[in-house]
Amino acid sequence: MRTSQFPLNTVKEIPADAVVVSHQLMLRAGLIRKLAAGLYTWLPLGLRILRKVEKITREEMEKVGGLEVLMPALQPAELWQETGRWEKYGPELARLKDRHDRDFCLGPTHEEIITDLARNELKSYKQLPVTYYQIQTKFRDEIRPRFGVMRSREFIMKDAYSFHLDQVSLQETYDAMYQAYTTIFNRFGLTFRAVVADSGSIGGAISHEFHVLADSGEDAIAFSTESAYAANIEKAEAIRPEGVRNLPTDELTLIDTPNQHSIEEISDFLSVPASQCLKTLIVKAEDDGLLALLLRGDYELNPIKAEKIAGIAVPLTFASDAEIIDACQCKPGSIGPIGLKIPIIADRSVMLLSDFVCGANQNDKHYAHVNWERDLPLPVHIEDLRTVVAGDPSPDGHGTLTIARGIEVGHIFQLGTKYSAAMKAGIINEAGKHQIMTMGCYGIGISRLVAAAIEQNNDERGIIWPTALAPFQVALCPMNMHKSDRLKEAAEQLYQDLLAAGIEVLFDDRKVRAGFMFSDMELIGIPHCIIIGDRGLDSQTVEYKARTSQDNEEVPLDNIISFLK
Ligand code: ATP
Ligand code: MG
Ligand code: MG
Ligand code: MG
């Protein structure tokens, strides 16, 4: 490509609304442009990078036997109603009606759609196991889209779904996917960690997240210094005896006993069996909003009763699980956004949401998470409400924990029969009986990955692309080409030779100052730069500069291609 025909859309100024470096650099390097909150156009240069992510991902999916499909973005509500997610998903699901008043959504994920396909296409155990995948646009009406394509409302995901006769077969594919993900992120040259993830509302199922390590990451992960133990922070803390995490303890005080009631008292007051009222825990925020009152039961809390139990007069909003899920855009037991003075009452866990972080994104994890699997001794002491910190003993007993920030770029999950049972997706097994299939699902944030790679690979001059992601491998920069016909000819020849050698080269044939050219090439992160000038031609040499080095190297013109290879 020539810059005369492949214009660079670089900008010098740091865009005001971009806070993380990848977002700033993606705008400055002319990879993306914002259309509206969480919506971005990929410019030609950015698209080349995105396509590289897709290509490598595709190659590795094909290697593990993935069959590529392409499913619609627009999905009928009926399928979501079958699994109950139409009600459960919350406002992140972009819902709309067609002209006939029928309900649809813009797919945030495709479990329902693929399960529908599988129940129609798969008839016999002989067709199993099978893995379908697609690289496709997803829609999630994120509560606070931010960091450019890192958390956008429309983004590109690789999502794969596997179908099996049994758990053994699912485990095999899951392991192969785990390996494929490891290969993919290694090929991208990224520093990453696979961590055990909390299975959230799906319960019991196995799940791993892949995190690119970066200080700007919205997630925290914990791993042992001495063993293979690695978990995301929710998982690491769920197994802490205290089971309570990330509460901003310095902003909290525990309300004293007059406000804490025994289970018997609560049982009596609410007229519900004591067995349904497991524990109470009352915490108060300094700014005087009630943090939480936890109760476990199948009843709906009446706000007035709840206030009395809490013993303090603060406005309280209690809602049903469904309403909470809707308001918080999260599953019971998983992490939720904040802004509501409500506890989430889930199966075995409960979440305390504070109101002083009102408006925070779901990734501002100021909440406490109590795992009822452990008996939480009451009263809870404020020192119990601390997060897992670096240096804590690793839960597997080997070494201590290191805590790092991560960007979730991939997530794999053993779904079991959650969707297939709800949608009656089965096959005829070897015994001639109808059998519900077992499923797995596997996502990679294709567009987020571009941003994550930049978070990890940049300096004050711009992006430093890992080879596999670079939009061009080589920048060819002629010095004042318009002043010398000899140079023009030599540069043109070298460009043709580089192309013929199969090297992706960006020939900067603009009539611009050398410094301008270099700063553009550095900003957009091209790994190798060849500088060809009239003076060098006298001795038949060119200068070579790696993006990562400060110094130029003289290389004979005749050797430059073999030098690059
Ligand atoms: P997050 O925790 O960051 O909200 P998620 O757990 O909701 O992500 P998954 O449902 O696991 O996301 O989707 C698979 C992958 O899609 C994620 O690992 C992530 O890389 C990517 N992804 C999810 N949401 C977004 C988004 N809003 N913008 C860009 N990529 C996203
Ligand atoms: Mg999310
Ligand atoms: Mg996540
Ligand atoms: Mg995830």
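So what are segment 1-146's ellipsoid semi-axes, whole angstrom, largest first, if each one is the square root of 5 times an eigenvalue of the alpha-carbon gyration tensor?
For segment 1-146, the semi-axes come out at 35, 23, 13 Å.
For the ranges 443-454, 173-184, what's the packing order if you count other beta-carbon atoms within 10 Å of each residue, average per peptide, and put the highest first?
Sorting 443-454, 173-184 by mean packing, highest first, produces 443-454, 173-184.
Take the cross-link list 138/158; 55/126; 126/424; 55/545 and give me the ones stretching past 21 Å between alpha-carbons.
Listed pairs above 21 Å: 55/126; 55/545.
So what does log10 I(q)/I(0) come out to for segment 469-565 at q = 0.15 Å⁻¹, using the Debye formula with one equal point on every Cα and no solvent?
Debye intensities relative to I(0), on a log10 scale: -0.51.
P(r) for segment 8-64: what percent of alpha-carbon pairs falls in each 5 Å bin, starting at zero?
The percentages, shortest bin first, are 4, 18, 23, 20, 14, 9, 7, 3, 1.
How large, in Å, is segment 103-212 by the Kirkwood hydrodynamic radius built from its alpha-carbon pairs?
Hydrodynamic radius (Kirkwood, Cα only) of segment 103-212 equals 16.3 Å.
Would you mind computing the Rg to Rh ratio of segment 154-231 from its alpha-carbon coordinates, Kirkwood style for Rh?
When Rh is taken as the Kirkwood radius, the ratio is 0.98.
Cα gyration tensor of segment 466-509, axes a ≥ b ≥ c as square roots of the eigenvalues: rounded (a/c below 1.5), prolate (a/b > b/c) or oblate?
Since a/c reaches 1.5 but b/c is at least a/b, the shape of segment 466-509 is classed as oblate.
Give the long-range amide H neighbours of residue 416: residues separated by 5 or more places, or on another chain, with amide H under 5 Å away, using H modelled in the peptide plane at 1.01 Å from N.
Long-range HN contacts for residue 416: 439.
State the extension gain, in nm to one decimal, for the chain segment bounded by residue 171 and residue 484, taking 0.36 nm per residue of separation less the distance between their alpha-carbons.
Full extension from residue 171 to residue 484 adds 106.2 nm.
Please report, to one decimal in angstroms, the Kirkwood hydrodynamic radius of segment 407-489 built from all distinct Cα-Cα pairs.
Over segment 407-489, the inverse of the mean reciprocal pair distance is 18.3 Å.
Stretched out fully, how many nm does the piece from residue 100 to residue 225 gain, at 0.36 nm a residue minus the Cα gap?
Answer, rounded to one decimal: 39.1 nm.
If we sort 490-496, 412-418 on the protection proxy, mean other Cβ atoms within 10 Å, highest first, what's the order?
Those peptides, ordered most packed to least, come out 412-418, 490-496.
Classify segment 66-164 as rounded, prolate or oblate from the Cα gyration tensor: take a ≥ b ≥ c as the square roots of its eigenvalues, call it rounded if a/c is under 1.5, otherwise prolate when a/b beats b/c and oblate if not.
Taking the square roots of the gyration eigenvalues as a ≥ b ≥ c, segment 66-164 is oblate.
What full-extension length gain, to one decimal in nm, is calculated for residue 144 and residue 70 as 0.36 nm per residue of separation minus the Cα-Cα distance?
Length gained, residue 144 through residue 70: 23.8 nm.
Can you tell me the order of 141-151, 504-514 when each peptide is scored by its average per-residue count of other Cβ atoms within 10 angstrom, highest first?
The most tightly packed comes first, giving 141-151, 504-514.
Work out the FRET efficiency for residue 559 and residue 519 from their Cβ-Cβ distance, taking R0 = 30 Å, and round it to the nearest 0.05.
It comes out at approximately 0.65.
Please state the equivalent ellipsoid semi-axes for segment 511-565: what are the square roots of 5 times the Cα gyration tensor eigenvalues, largest first, in whole Å?
After scaling each eigenvalue by five and taking roots: 19, 15, 9 Å.
Bear in mind these aren't lab numbers, they're just calculated from the coordinates by the rules spelled out. As the structure is a computational prediction, the values presented were derived from the model and not from experiment. We place every Cβ from the backbone using ideal geometry, glycine too, and count neighbours over all the protein chains shown.
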